[in-house]
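Novice: Before we start, here is the structure in question, set down as structure tokens.
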């Protein structure tokens with residue numbers, strides 16, 4: 001299959017509601033953006049989206065496809081328990097939906113949920129101090145960052161209650177010894193939150209290569225200033241950055257909207 005080609009031939013564009021199709025296109029774009037940035041983990045980790053409407057249906061990736069292959073039409077529709085709703089040749093990873101179903105059920109604003117296993121994200125998640133105030137990116141992230149301790153591969157449904165309690169009302173989470181998590185009311189907000197978190201993690205790993213004693217933390221006054229400057233969240237700037245992100249996909253990974 002050629003790079004960017006659709007893994008299935010049948011388009012669902014005219015077979016689902018306009019709202020569902022938009023959610024599908026946005027979610028497929030998120031998968032492709034993760035792949036373009038080299039943040040994917042073969043067929044592992046997941047991004048999910050809530051389909052607008054009263055049914056509490058969600059979209060998630062078919063298990064077995066790489067993120068760079070994802071299209072709007074191949075995404076799998078499930079209910080809150082992970083049961084597949086519509087006929088599809090694909091199946092999903094139950095462990096993947098454990099985390100996502102918990103967040104979707106607990107947070108009305110969590111229309112999109114992204115979980116990654118990047119090298120830098122896992123590295124910082126395994127650091128006792130967590131994310132440090134070393135860069136402007138980290139200062140923007142820290143007020144919205146929560147932590148959840150590692151409990152093993154996410155197969156235990158009991159973990160969901162503890163995870164959402166740890167997340168609270170925050171938009172970003174460090175899953176200890178595991179990876180990163182971002183939630184957003186829109187695909188744009190979810191993406192920009194993860195972009196800043198992953199950049200902050202990469203910058204920290206690079207800075208600490210000189211040794212913990214040689215890094216300079218941002219002054220407390222500057223940290224407080226950034227908190228006040230970013231109190232409104234990333235919604236507005238996410239909307240500004242999202243169209244350019246889609247243009248990047250059109251150039252580098254076309255076909256996601258099929």
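The values are calculated or read from the model by the stated rules, or taken from the named source; none is laboratory data. These figures come from a predicted structure and were not determined experimentally. For neighbour counting, all protein chains shown are included, and Cβ atoms are generated from backbone atoms with ideal geometry for every residue, glycine included.
Novice: For the stretch 209-228, which positions are in a loop (DSSP other than H, G, I, E, B) and surrounded by fewer than 17 Cβ atoms within 10 Å (Cβ to Cβ)?
Specialist: 209, 210, 211, 215, 216, 217, 219
Novice: Return the residues of the stretch 140-160 that are surrounded by fewer than 16 Cβ atoms within 10 Å (Cβ to Cβ) and either at pLDDT below 95 or part of a helix (DSSP H, G or I) (or both); say none if nothing qualifies.
Specialist: 150, 152, 153, 155, 156, 157, 158
Novice: Out of the stretch 114-139, which residues are in a helix (DSSP H, G or I) and either under 13 Å from the mean Cα position of the chain (by Cα) or under 17 Å from residue 167 (Cα atoms) (or both)?
Specialist: 121, 125
Novice: Does residue 68 satisfy the condition of being touching a residue at least 12 places away in the same chain (Cβ under 8 Å), surrounded by fewer than 18 Cβ atoms within 10 Å (Cβ to Cβ), touching a helix residue (DSSP H, G or I) at 6+ places or on another chain (Cβ under 6 Å) and within 25 Å of residue 258 (Cα to Cα)?
Specialist: For residue 68, the condition - touching a residue at least 12 places away in the same chain (Cβ under 8 Å), surrounded by fewer than 18 Cβ atoms within 10 Å (Cβ to Cβ), touching a helix residue (DSSP H, G or I) at 6+ places or on another chain (Cβ under 6 Å) and within 25 Å of residue 258 (Cα to Cα) - is met.
Novice: Please go through the stretch 107-121 and give me each residue that is touching a helix residue (DSSP H, G or I) at 6+ places or on another chain (Cβ under 9 Å) and buried (at least 16 other Cβ atoms within 10 Å of the Cβ), ordered by number.
Specialist: Selection gives 107, 110, 111, 112, 113, 114, 115, 116, 118, 120, 121.
Novice: Just checking, which of 176, 227, 162 is in contact with a helix residue (DSSP H, G or I) (Cβ under 8 Å, 6 or more places away or on another chain), over 19 Å from residue 48 (Cβ atoms) and without any contact (Cβ under 8 Å) to a residue 60 or more places away in the chain?
Specialist: 176
Novice: Another question, if that's okay. Between 174, 234, which is modelled with pLDDT of 95 or more, crowded, with 18+ Cβ neighbours inside 10 Å and either within 17 Å of residue 115 (Cβ to Cβ) or within 17 Å of the chain's Cα centre (by Cα) (or both)?
Specialist: From the options 174, 234, the qualifying one is 174.
Novice: Does the stretch 196-208 include one or more residues that are in contact with a strand residue (DSSP E or B) (Cβ under 6 Å, 6 or more places away or on another chain) and not in a loop (DSSP other than H, G, I, E, B)?
Specialist: Yes: the stretch 196-208 contains one or more residues that are in contact with a strand residue (DSSP E or B) (Cβ under 6 Å, 6 or more places away or on another chain) and not in a loop (DSSP other than H, G, I, E, B).
Novice: What residue, of 121, 130, is at positive phi, in contact with a strand residue (DSSP E or B) (Cβ under 9 Å, 6 or more places away or on another chain) and modelled with pLDDT of 95 or more?
Specialist: Criteria check complete, one pass: 130.
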